[in-house]
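Asks: Got a structure here, written out as structure tokens. Questions coming.
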Amino acid sequence: MADLEGLKVPHDYHVDTQFATDGNFHVKGAGNLEWGVKKHLSNIFSPKSGNTVMFAFDHGYFMGSVSGLERLDLFIPKIQDHVDVLMATRGAIRTCVRPDCGKSIALRVSSGSSMLNEDLSHEVVAVDIEDSIRMNADCLAVQTFIGADGQLESLDNLSKVINAATRYSIPVMGVVAVGKNMERTSRYFKLATRIIAEMGANLVKTYYCEDFEEVAAACPVPIVVAGGKKLPEKEALTMAYQSIRDGAHGLDMGRNIFQSLHPTEMADAIGKIVHEKFTDKEAFEYYSEKIK
């Protein structure tokens with residue numbers, strides 16, 4: 001057990017210094033990995049920008065039918081050409097995503113909670129590695145609860161998925177869960193993202209926060225920022241811009257796309273920030289012009 005007494009709080013994150021061991025590969029922290037993992041990561045992260053736009057529609061695995069996603073079979077074909085990655089459950093993908101869609105797949109493999117539970121922090125690995133391979137997933141997403149009652153089993157789930165996925169060169173995405181008793185602070189997100197990365201996850205999904213540039217710098221794998229609750233379009237684009245500016249390598253938008261009045265235009269505007277270095281102002285002007 002490490003001796004915590006007298007342990008100095010780190011403060012120099014060298015936020016202006018590029019990650020040191022990428023070599024000539026475009027994904028942070030993946031320079032030393034084998035070809036198969038790099039191929040999957042290249043399906044997720046654009047070799048040109050190094051970034052990604054994910055569209056999350058996995059809400060049904062614990063929320064059931066969600067406003068805006070009542071008919072996945074009708075909505076997904078409209079949005080898929082405007083994003084890079086589709087993140088969902090195997091049931092939603094198999095029933096509502098065409099196999100020839102050409103998009104990268106982030107497969108949700110943890111489950112076990114629902115909106116009927118008081119505590120959402122207890123999950124299991126619900127999809128085994130064989131079915132993940134059959135799904136041809138580019139990464140496996142595991143909900144990870146740090147500082148919650150279910151932390152031990154959550155990290156056990158993450159470890160088991162990483163161990164299995166590594167045998168078949170499939171990347172794993174640790175998804176930072178923020179429970180009702182956890183503050184969305186840089187201190188918490190530095191802790192959670194670093195733990196997940198050091199467990200062996202190849203990318204981490206988390207939330208934007210104050211001092212996010214330190215969170216991103218301290219995490220040795222790419223961070224994809226979750227969209228979170230529905231925001232007005234202008235605010236959502238500002239959050240997207242700040243995330244990329246401060247070191248994120250992608251956005252995983254759900255509600256801020258599918259609950260927008262103009263979801264495809266919103267997805268395109270986010271893509272302009274993520275891949276073409278638009279500012280939030282430029283992206284909102286682009287969005288406003290598109291919806292006229």
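The values are calculated or read from the model by the stated rules, or taken from the named source; none is laboratory data. Not measured: the values here are computed from a predicted model. Positions of Cβ are generated from backbone atoms using ideal geometry, with glycine treated the same way; all protein chains shown enter the neighbour counts. All accessible areas refer to the heavy atoms of the entire protein, side chains included, with ligands and DNA or RNA removed. Shrake-Rupley method; radii C 1.70, N 1.55, O 1.52, S 1.80 Å.
Asks: So the check is Cβ under 6 Å with 6+ separation or different chains; which pairs have a first residue in the stretch 52-78 that's open to solvent by 40 Å² or more (accessible area, probe 1.4 Å) and a second one that's aliphatic (A, V, I, L, M)?
Replies: Here the result reads Met63/Met115, each pair linking the stretch 52-78 to a residue that is aliphatic (A, V, I, L, M).
Asks: Looking at the stretch 1-42, which of its residues are at pLDDT 95 or above and either over 27 Å from Ile105 (Cβ atoms) or not in a loop (DSSP other than H, G, I, E, B) (or both)?
Replies: Of everything in the stretch 1-42, those that are at pLDDT 95 or above and either over 27 Å from Ile105 (Cβ atoms) or not in a loop (DSSP other than H, G, I, E, B) (or both) turn out to be Trp35, Gly36, Val37, Lys38, Lys39, His40, Leu41, Ser42.
Asks: Would you mind finding the one in Ala236, Ala201 that is farther than 27 Å from Phe25 by Cα, out of contact with any Lys or Arg (no Cβ under 7 Å at 6 or more places or on another chain) and open to solvent by less than 10 Å² (accessible area, probe 1.4 Å)?
Replies: Residue meeting the stated conditions: Ala236.
Asks: Name the helices (runs of 4 or more DSSP H) wholly within the stretch 212-270 that hold at least 1 residues that are under 22 Å from Ile196 (Cβ atoms) and touching a residue at least 60 places away in the same chain (Cβ under 8 Å)?
Replies: Filter on the stretch 212-270 gives 212-218, 233-245.
Asks: Go through (1) closer than 15 Å to Cys139 by Cα; (2) open to solvent by less than 40 Å² (accessible area, probe 1.4 Å); (3) touching a Phe, Trp or Tyr at 6+ places or on another chain (Cβ under 9 Å) for Asp84 and report which single condition fails.
Replies: Among (1) closer than 15 Å to Cys139 by Cα; (2) open to solvent by less than 40 Å² (accessible area, probe 1.4 Å); (3) touching a Phe, Trp or Tyr at 6+ places or on another chain (Cβ under 9 Å), the lone unmet condition for Asp84 is (2).
Yes/no matrix, rows are residues, columns are (1) modelled with pLDDT of 95 or more; (2) of a type in the set (Asp, Glu):
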{"site": "Ile44", "(1), (2)": "yes, no"}
{"site": "Lys48", "(1), (2)": "yes, no"}
{"site": "Val53", "(1), (2)": "yes, no"}
{"site": "Phe57", "(1), (2)": "no, no"}
{"site": "Tyr61", "(1), (2)": "no, no"}
{"site": "Gly64", "(1), (2)": "no, no"}
{"site": "Glu70", "(1), (2)": "no, yes"}
{"site": "Lys78", "(1), (2)": "yes, no"}
{"site": "Leu86", "(1), (2)": "yes, no"}
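Asks: Any residue at all in the stretch 165-177 that's surrounded by fewer than 22 Cβ atoms within 10 Å (Cβ to Cβ) and either part of a strand (DSSP E or B) or of a type in the set (A, V, I, L, M, F, W, C) (or both)?
Replies: No, the conditions are met nowhere in the stretch 165-177.
Asks: OK, next. Pairs only if they're at least six apart or on different chains, beta carbon under 6 angstrom, first in the stretch 87-99 and touching a residue at least 24 places away in the same chain (Cβ under 8 Å), second aromatic (Phe, Trp, Tyr); list them, first residue then second.
Replies: Short answer, once both residue conditions are applied: Ala88/Phe57; Thr89/Tyr61.
Asks: Restricting to the stretch 96-153, and then to whatever is charged (D, E, K, R) and at pLDDT below 85, can you tell me which residue is least open to solvent (accessible area, probe 1.4 Å)?
Replies: Asp119
Asks: Taking the stretch 271-292, which residues are part of a loop (DSSP other than H, G, I, E, B) and closer than 27 Å to Leu74 by Cβ?
Replies: Ile291, Lys292
Asks: Moving to a separate point now. Name the residues in the stretch 244-264 that are more than 10 Å from Val53 (Cα to Cα) and open to solvent by 40 Å² or more (accessible area, probe 1.4 Å), would you?
Replies: Arg245, Arg255, Gln259, Leu261, His262
Asks: Kindly list the number of the only condition in (1) in contact with a Leu (Cβ under 8 Å, 6 or more places away or on another chain); (2) open to solvent by 20 Å² or more (accessible area, probe 1.4 Å) that fails for Leu231.
Replies: (1)
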